[in-house]
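Some notes on the structure that comes next.
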Amino acid sequence: MLALRVSMIALVAALASFGQTGAAPAAQPSLQRSPQRSPQPAPQPAPQPAPGTAPAPLPSPATATQPAPAAKQAPFPAKSEQKAEYKALVSQLRSGNTAINYQKFRLLAYKNQGPCEMHGAPDARDAMFRAWNHGDSKALLQSAHKVLAGCYADADAHFAIYSALPPGDLRGRLHRAIAVGLVRSILHSGDGKTPESALQVVSVDEEYTILRVLGLFPSKQSMWSHQGHWYDVLTPMDAKTRKPVAKIYFNIDVVRANEIAALAE
């Protein structure tokens with residue numbers, strides 16, 4: 001039976017430039033869906049997490065010696081144009097051309113459909129993670145394809161398909177390339193060490209995808225505001241040693257805006 005749970009380690013290898021120098025890939029915990037945040041009441045500023053010295057820093061992208069704060073997103077075109085552009089990018093990826101702007105693709109997917117964990121068939125996502133943990137490649141392929149039918153910007157689903165197909169399968173290689181592109185677009189957005197260099201995400205699930213890629217296990221989490229922005233602050237553990245590592249800051253302005261919009265409906 002295909003060892004599906006080691007597949008995320010292969011993605012770590014594909015993104016080796018973002019790992020700790022000389023460190024071997026960490027053993028991965030059982031894959032599971034991230035906890036979903038229900039819409040929150042009107043924002044109440046949360047206290048800034050207490051400072052502390054972490055035993056291990058978050059690895060920075062090797063391509064950026066000092067990540068700069070993420071630039072503001074350019075204004076998006078009209079809704080109909082967004083939908084057309086999103087569909088065009090999906091068609092381009094399916095054709096095998098993976099040279100796209102993945103950050104823009106993730107935002108287009110969100111603005112057209114909302115968070116992938118909501119529109120990527122939640123039941124199919126549950127089934128996908130169960131199949132992944134149980135090593136059921138047939139069920140994994142079926143559920144992952146259902147997820148992508150709802151949201152093609154789901155990195156977990158793309159990598160699930162790659163891991164379930166035989167080594168060298170051209171379809172698997174395509175989905176692996178898309179998964180790597182999606183993950184890299186998040187890792188290139190900052191280093192996660194400070195609010196100013198927070199990793200930019202468009203859904204809560206993307207936070208947990210990044211933890212898995214970095215060989216980390218979710219532990220403490222808090223949400224707070226700072227200078228007009230909202231952040232999820234995670235204090236994860238190393239999946240191998242189970243020791244806490246440095247806090248990781250995720251900018252969740254896009255996620256927060258969706259929650260406030262949901263309350264207004």
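The values are calculated or read from the model by the stated rules, or taken from the named source; none is laboratory data. Here the structure is a predicted model, which means the values were calculated and not measured. Cβ: placed from backbone, ideal geometry, glycine included. Neighbour counts: every protein chain shown.
For beta carbons closer than 9 Å, sequence separation of 6+ or different chains, a first residue in the range 218-231 that is buried (at least 17 other Cβ atoms within 10 Å of the Cβ) and a second that is small (G, A, S) and modelled with pLDDT of 90 or more, the qualifying pairs are Y231/A198; Y231/S222; Y231/S225.
Is it true that F250 is aromatic (F, W, Y) and part of a strand (DSSP E or B)? Reasoning before the result, please.
Numbers: aromatic (F, W, Y): yes; part of a strand (DSSP E or B): yes.
Yes, satisfied.
Of all the criteria given as (1) modelled with pLDDT of 90 or more; (2) among the polar types (S, T, N, Q); (3) closer than 23 Å to V204 by Cβ, the one not satisfied by Q92 is (3). Take A179 and tell me if it is more than 20 Å from Q82 (Cα to Cα) and under 17 Å from the mean Cα position of the chain (by Cα). Judged against the criteria, A179 is a match.
Report yes if L182 is assigned by TED's automatic domain parsing to the domain that holds N101, surrounded by 18 or more Cβ atoms within 10 Å (Cβ to Cβ) and at pLDDT 95 or above, otherwise no. Can you show your working first?
Details: assigned by TED's automatic domain parsing to the domain that holds N101: yes; surrounded by 18 or more Cβ atoms within 10 Å (Cβ to Cβ): yes; at pLDDT 95 or above: yes.
Taking the combined requirement at face value, the residue satisfies it.
In the range 113-124, how many are assigned to a helix (DSSP H, G or I), at pLDDT below 75 and out of contact with any Ser or Thr (no Cβ under 7 Å at 6 or more places or on another chain)? Matching residues across the range 113-124 total 4. Hey, V202 hits all of (1) over 20 Å from I100 (Cβ atoms); (2) part of a loop (DSSP other than H, G, I, E, B); (3) of a type in the set (V, I, T) but one; which does it fall short on? The failed condition is (1).
Whether a residue is under 14 Å from the mean Cα position of the chain (by Cα), modelled with pLDDT of 95 or more and buried (at least 23 other Cβ atoms within 10 Å of the Cβ) was assessed, and A109 does not pass this test.
If the condition is being of a type in the set (A, V, I, L, M) and either in contact with a Pro (Cβ under 9 Å, 6 or more places away or on another chain) or assigned to a helix (DSSP H, G or I) (or both), then the range 179-199 contributes A179, V180, L182, V183, I186, L187, A198.
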